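Inspection log for the structure reproduced underneath, given as structure tokens.
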Amino acid sequence: MDFYKRAAEVCRRIPWGTVATYGQIALLCGFPKNARQVGFALGRRLSGPDIPAHRVVNSKGYLSGAASFDTPDLQKLLLEKEGVRVDAERTVDLKRYGWKNSFEDALELQYFFDRQRI
DNA sequence: GTCGCGGCCCTTA
DNA sequence: CTAAGGGCCGCGA
């Protein structure tokens, strides 16, 4: 099981204009308790270049990883470019922009991981 | 609704 | 080997 590859794949599947939480990603990876490692993976860019890491926020909707981007406001800007409103506190409204993944999304991912042996 | 604490598990020193 | 800390989370008060 390669947690980081899984995290990258999940991240890649976050729909445009929505955000996901660290815990949500960890869960979809099949590692419910590894939310913190998601942050580490993205921060260290172990996940790869074409990964929309800006769509990942903490469970409160706060852009806790903003400091790890090239410029402090980059994450906010990228999100706003997708139509996601970010307030002055660097927080997004999860009710509105949170990715509500379906059960089928989760199933499909597990299947994908199996096929890819990751 | 808020706040705090303990648990989590990987990485770095 | 131990220890500390991190882009976190859920629960209980």
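The values are calculated or read from the model by the stated rules, or taken from the named source; none is laboratory data. All of these numbers come straight from a predicted model, not from anything done at the bench. Glycine also receives a Cβ, built like all others from the backbone with ideal geometry; neighbour counts cover every protein chain displayed. Surface areas here come from the heavy atoms of the whole protein model, side chains and all, with no ligands, DNA or RNA. Shrake-Rupley method; radii C 1.70, N 1.55, O 1.52, S 1.80 Å.
Descriptive notes on the structure:
- Checking the Cα-Cα distances for A:Lys60/A:Lys100; A:Lys5/A:Lys81; A:Lys60/A:Lys95 against a 18 Å cut-off, the pairs over it are A:Lys5/A:Lys81.
- In a reduced charge model with +1 at each Lys and Arg Cβ and -1 at each Asp and Glu Cβ, chain A shows a dipole moment near 220 debye about its Cα centre.
- For the stretch A:3-116, relative contact order (Cα pairs under 8 Å, six or more residues apart, normalised by length) works out to 29 percent.
- Per residue, in Å², the accessible surface of chain A once ligands and nucleic acids are set aside, probe 1.4 Å: 61
- The eigenvalues of the Cα gyration tensor, multiplied by 5 and square-rooted, give chain A an equivalent ellipsoid with semi-axes of 23, 15, 12 Å from largest to smallest.
- Summing charges over all other residues whose Cβ lies under 13 Å from the Cβ of A:Leu63, with Lys and Arg as +1 and Asp and Glu as -1, gives 0.
- Ranking A:Ala35, A:Ala88, A:Ile51 by Cα position along the charge dipole of the stretch A:3-116, where only Lys, Arg, Asp and Glu carry charges on their C-beta atoms, puts A:Ala35 farthest toward the positive end.
- Near A:Gln24: Cβ cut-off under 12 Å, other residues only, Lys/Arg at +1 and Asp/Glu at -1. The net charge is +2.
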